[in-house]
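The values are calculated or read from the model by the stated rules, or taken from the named source; none is laboratory data. These numbers were taken from a predicted model, which means no experiment stands behind them. When we count neighbours, we look across all protein chains shown, and the Cβ atoms used for this are built from the backbone with ideal geometry, even at glycine. Note: areas computed on protein heavy atoms with side chains; ligands, DNA, RNA excluded. Shrake-Rupley method; radii C 1.70, N 1.55, O 1.52, S 1.80 Å.
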Amino acid sequence: DPQFGQWSINEIQPHQSKGNHYHRIRYEKFVLLRGQVTLKWRYAFETSWQEIVMKEPYNVMDIPPGVIHQLTNDQTYPATLLMWSSIVYDPSSPDTYLPPL
């Protein structure tokens, strides 16, 4: 049901990153299921990143709109996350933006 958003399972391969973008209206939630990832985030007007290492199963992090975020797997095995988006993905209006340089 679109009113409840969208869930997906995502795997991040060893030494790979996902993200480095932000959303204008979408909220996201990341739930670590297996492995370890580093979540980095910052607002577009900030130059320094905040980060947290998610290494305990079922660690949860929420990302509000306007926050640039990136997940990185620095381990030698895949990491698996359950991801929730507050809106269902629409390819004609993806609400995904690259950060300003």
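Do you know which residues across segment 1-29 are over 11 Å from the mean Cα position of the chain (by Cα), crowded, with 17+ Cβ neighbours inside 10 Å and of a type in the set (Asp, Glu)?
Matches in segment 1-29: none.
Closer than 22 Å to Leu98 by Cβ and open to solvent by 60 Å² or more (accessible area, probe 1.4 Å): is that true of Trp49 in this structure?
Answer is yes for this residue.
One line per residue, one yes/no per condition, for (1) modelled with pLDDT under 95; (2) crowded, with 16+ Cβ neighbours inside 10 Å:
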| site | (1), (2) |
| --- | --- |
| Leu39 | no, yes |
| Val53 | no, no |
| Leu71 | no, yes |
| Asp90 | yes, no |
| Pro100 | yes, no |
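Among the residues of segment 75-84, what is the count of those that are under 15 Å from Gly19 (Cα atoms) and either open to solvent by 40 Å² or more (accessible area, probe 1.4 Å) or of a type in the set (S, T, N, Q) (or both)?
Residues flagged as under 15 Å from Gly19 (Cα atoms) and either open to solvent by 40 Å² or more (accessible area, probe 1.4 Å) or of a type in the set (S, T, N, Q) (or both) within segment 75-84 amount to 3.
Checking Leu32 against (1) touching a His at 6+ places or on another chain (Cβ under 8 Å); (2) open to solvent by less than 30 Å² (accessible area, probe 1.4 Å); (3) not β-branched (Val, Ile, Thr): exactly one of these is not met. Which one?
Of everything listed in (1) touching a His at 6+ places or on another chain (Cβ under 8 Å); (2) open to solvent by less than 30 Å² (accessible area, probe 1.4 Å); (3) not β-branched (Val, Ile, Thr), Leu32 misses just condition (1).
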